[in-house]
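Peer 1: This is the structure I have questions about; it appears just below.
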Amino acid sequence: MDTATPAVTVALHDGEAVVASSSQVDARRHGELLLPAVDRVLSEAGLKLDAVTGIVVGVGPGPYTGLRVGLVTAAAFSSALGVPVHGLCTLDGLAYASGIEEPFAVATDARRKEVYWARYEDFRTRATDASVDRPADVAGELAGLPVVGAGARLYPEAFPDARDPEHQSAAALAGLAAERLAGGGDGFLDPLPMYLRRPDAQVPKNYKVVTPK
Amino acid sequence: MAADEPLVLGIETSCDETGVGIVHGTTLLADAVASSVDTHARFGGVVPEIASRAHLEAMVPTIERALKTAGISARDLDGIAVTAGPGLAGALLVGVSAAKAYAYALGKPLYGVNHLASHICVDQLEHGKLPEPTMALLVSGGHSSLLLSTDITSDVRPMGATIDDAAGEAFDKIARVLDLGFPGGPVIDRLAKEGDPEAIAFPRGLSGSRDPAYDFSFSGLKTAVARWIEAKRAAGEEVPVRDVAASFQEAVVDVLTRKAVRACKDEGVDHLMIGGGVAANSRLRALAEERCERAGIRLRVPRPGLCTDNGAMVAALGSEMVARGRAASDLELSADSSLPVTDPHVPGRSHDHDHVHEVSKENLYS
Ligand SMILES: [Zn+2]
């Protein structure tokens, strides 16, 4: 599952193929949508959660509130069922879904006129760490590259060669994870949030002087 | 498990404490808390994003610690309760998401409950079943309310509330004016013990004969105290910190207890419970004791550890929900930062089967 972007997306993968999946794009209702989506996907497969042998979760980067929904849900499932959680960079799921075999980039909406982005050698291989920047500041570095994800569509001046998919899908994330697990289980991240920004924490101004001068 | 003593785990993340409690009926089995209060101290108040990040980090380890302390397996639980509101939206969402995931994974009923009703219900862990009706005075950094409950699972009526600052907020602000750090409650309580509560006559908000009988206002008091201190400083005189603390504190607890006792008398209620972080204040406890005794009212105040935000209070209310057969919440349960005090819990919206099926087709793609 992945809740790091506006998509609330869940998929069940049996190691060979995606058995069932659900994706809803609604940036404000991750908390309400995730569990019902998990339930729908399992019901469609005729399974209960305890049949699952591992959880894969997108760790972001992503705007914080939604991102935490997926991570805490994954951690709670893991604790309740005693199964492992594997973290994957959310951008890797978009890259994998694109199937692009040449160098390209992934960019998602980081809000505040910024994008989360990373460069890829091909759809399986990330070339840089994920970063958060203003589109204009990375346009030069990514010039001439196709760019996958909603970030490209939001900022066409900076990323003229926008490619599909626009939204994250847990089906792709699960497919990538299944490949990595079959290949020995390397390439996973700890299931911890990738915020890439410090929290907004302003020290309140000194108390206001209330006595009129 | 006896039907009237349900085993319930409760999760509380409405502010800066990640709390997980486990109760068996009215018996407390575990009360695990991870606090991010130290992280907020240098900001002089709770920073929502810092609180949310800390909740995510602490959530599952705190649940596991509570289960271990209680010596039970999560599979033994009769239900999982969580604060659905009111509180900080992002902070609540971490607890609600965790509770839903545990409930779903374990096949247990989920109860989204009200933070304020939980503050009242926690007293069952200390003094046994709540008398019905009970008047409750809840005072903390986030709330100052006078509530009347005839059944904590279904009927909580607001009698009065602060019209501006919460009582605890006033303590924090005055502590800041006096350079005493955050949070302000404990340090003011300590200094006030060495000061004279009658040294300075600070105003009692909303205490006129035409003012609302049960509402509170602490903003005017806060301004008056700050102004008094500034005047001293401007005159180059030393500020008598202990006397200021004692006189300010007296003004707060005088109004709180007077109005709470009056509400009890007016409504013919002979039990008053006081909860919330400010209930740890020693002068509030002493004055309430004195005034209740004079008025023939039985006072119930849980020990300080149960007055501040914690998971045990959520578990206590959840257990009562199970015992009284209240409807469980559904998987769509959302965090509601402004959940009304009149909603002790958030029952699920009942879906019929066809509707669920339709929704699921609509949202699937493969
Ligand atoms: Zn509280």
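What follows draws every value from the coordinates through simple rules; no lab data is involved. Fair warning: this is a prediction, and the values are worked out from it, not measured in the lab. Backbone-built Cβ (ideal geometry, glycine too); neighbour counts: all protein chains shown.
Peer 1: Quick check: the angle from helix B:167-177's long axis to the longest principal axis of chain B, C-alpha only, nearest 10 degrees?
Peer 2: Relative to chain B, helix B:167-177 is tipped by roughly 50 degrees.
Peer 1: Within 10 Å of each residue's Cβ, count the other Cβ atoms and sort B:Arg227, A:Arg198, B:Arg210 from fewest upward. Please list the in-between numbers first.
Peer 2: Details: B:Arg227 15, A:Arg198 8, B:Arg210 5.
Fewest-to-most ranking of B:Arg227, A:Arg198, B:Arg210: B:Arg210, A:Arg198, B:Arg227.
Peer 1: Given a Förster distance of 30 Å, report the FRET efficiency between B:Ala199 and A:Leu196 from their Cβ-Cβ distance, rounded to the nearest 0.05.
Peer 2: 0.05
Peer 1: If we count every other residue with Cβ under 15 angstrom of A:Ile100's Cβ, Lys/Arg +1 and Asp/Glu -1, where does the sum land? Working shown, then result.
Peer 2: Numbers: positive: A:Arg119, A:Arg124, A:Arg126, A:Arg163; negative: A:Asp92, A:Glu101, A:Glu102, A:Glu121, A:Asp122, A:Asp161, A:Asp164, A:Glu166.
Once all neighbours under 15 Å are counted, the net charge is -4.
Peer 1: For each pair in B:Lys108/B:Lys173; B:Lys193/B:Lys232; B:Lys100/B:Lys222; B:Lys108/B:Lys129; B:Lys100/B:Lys259, compute the distance between the two Cα atoms and list the pairs where it is over 32 Å.
Peer 2: The pairs that break the limit, which is 32 Å between Cα atoms, are B:Lys108/B:Lys173; B:Lys100/B:Lys222; B:Lys100/B:Lys259.
Peer 1: I want the local charge near B:Ala74. Using Cβ-Cβ distances under 15 Å, sum +1 for each Lys or Arg and -1 for each Asp or Glu among the other residues. Please list the in-between numbers first.
Peer 2: Numbers: positive: B:Arg65, B:Lys68, B:Arg75, B:Lys100, B:Lys108; negative: A:Asp50, B:Glu64, B:Asp76, B:Asp78.
That works out to +1.
Peer 1: Within chain A, which DSSP H helices have Cα atoms that stretch 15 Å or more along the helix axis and a mean Kyte-Doolittle hydropathy of at least 0.0?
Peer 2: Span-like helices in chain A: A:30-45, A:64-81, A:170-182.
Peer 1: Right, something else. Of all alpha-carbon pairs in chain A, indicate the percentage at a distance above 24 angstrom.
Peer 2: The share of Cα pairs beyond 24 Å in chain A comes to 42 percent.
Peer 1: In the range B:1-100, which trypsin sites (Lys or Arg not before Pro) fall in coil by DSSP and have 16 or fewer other Cβ atoms within 10 Å?
Peer 2: Within the range B:1-100, the qualifying trypsin sites (Lys or Arg not before Pro) (loop, at most 16 other Cβ atoms within 10 Å) are B:Arg42.
Peer 1: Now for a separate question. How many nm separate the modelled label positions at B:Glu5 and B:Ser154, each set 7 Å beyond the Cα in the direction of the Cβ?
Peer 2: 2.5
Peer 1: Which percent, nearest 5, of DSSP beta bridges in chain B are antiparallel?
Peer 2: Percentage antiparallel, nearest 5: 60.
Peer 1: When only DSSP loop residues count, what trypsin sites (Lys or Arg not before Pro) in the range B:288-332 have their Cβ near at most 13 other Cβ atoms within 10 Å?
Peer 2: On the way: sites: B:Arg291, B:Arg294, B:Arg298, B:Arg300, B:Arg324, B:Arg326; in loops: B:Arg324, B:Arg326.
Passing sites in the range B:288-332 are B:Arg324.
Peer 1: Using Cα atoms only, what is the angle between the long axis of helix B:89-106 and the major principal axis of chain B, expressed in degrees (0 to 90) to the nearest 10?
Peer 2: With rounding to tens, the tilt is 30 degrees.
Peer 1: Here's a follow-up. Order by neighbour count: B:Asp243, A:Asp14, fewest other Cβ atoms within 10 Å first, most last.
Peer 2: Exposure proxy ranking, most exposed first: A:Asp14, B:Asp243.
Peer 1: Can you tell me the order of B:157-167, A:134-144, B:267-277, A:88-98 when each peptide is scored by its average per-residue count of other Cβ atoms within 10 angstrom, highest first?
Peer 2: A:88-98, B:267-277, B:157-167, A:134-144
Peer 1: Suppose a student asked you for the relative contact order of chain B, using Cα pairs under 8 Å spaced at least 6 residues apart; what percent would you report?
Peer 2: Details: 842 pairs, mean separation 93.8, N = 366.
Value for chain B: 26 percent.
Peer 1: Could you name the aspartates and glutamates in cross-link range of A:Lys113, using Cα to Cα under 15 Å and dropping any fewer than eight places away on the same chain?
Peer 2: Straight-line reach from A:Lys113, under 15 Å: A:Asp133, A:Asp137, A:Glu157.
Peer 1: If you take the square roots of the eigenvalues of the alpha-carbon gyration tensor of chain B and sort them as a ≥ b ≥ c, do you get rounded (a/c under 1.5), prolate (a/b over b/c) or oblate? Could the numbers behind the result be given before it?
Peer 2: Details: a/c = 2.07, a/b = 1.67, b/c = 1.24.
Prolate.
Peer 1: Average the reciprocal distances over every distinct pair of alpha-carbons in the range B:131-205, invert the result, and give the Kirkwood radius in Å.
Peer 2: One over the average 1/r among Cα pairs gives 14.3 Å for the range B:131-205.
Peer 1: Turning to a different aspect of this structure: Counting Lys +1, Arg +1, Asp -1, Glu -1, what net charge surrounds A:Gly31 among other residues with beta carbon under 12 Å of its beta carbon? Intermediate results must be reported in sequence, preceding the final value.
Peer 2: On the way: positive: A:Arg28, A:Arg29, A:Arg68, B:Lys100; negative: A:Asp26, A:Glu32, B:Glu332, B:Asp336.
Net charge in that neighbourhood comes out at 0.
Peer 1: Send over the per residue convex hull volume for the protein assembly as shown, Cα only, as a whole number of Å³.
Peer 2: Numbers: hull volume 99.6 nm³, N = 579.
Taking only Cα atoms, the protein assembly as shown has a hull volume of 172 Å³ per residue.
Peer 1: Could you tell me how many degrees, from 0 to 90 and to the nearest 10, lie between the Cα long axis of helix B:282-295 and the main elongation axis, the longest principal axis, of the Cα atoms of chain B?
Peer 2: Helix B:282-295 and the main axis of chain B meet at about 90 degrees.
Peer 1: Let me ask something else. I want to check the label-to-label distance for A:Arg112 and B:Ile163. Put each point 7 Å from Cα in the C-beta direction and report it in nm to one decimal.
Peer 2: 3.9
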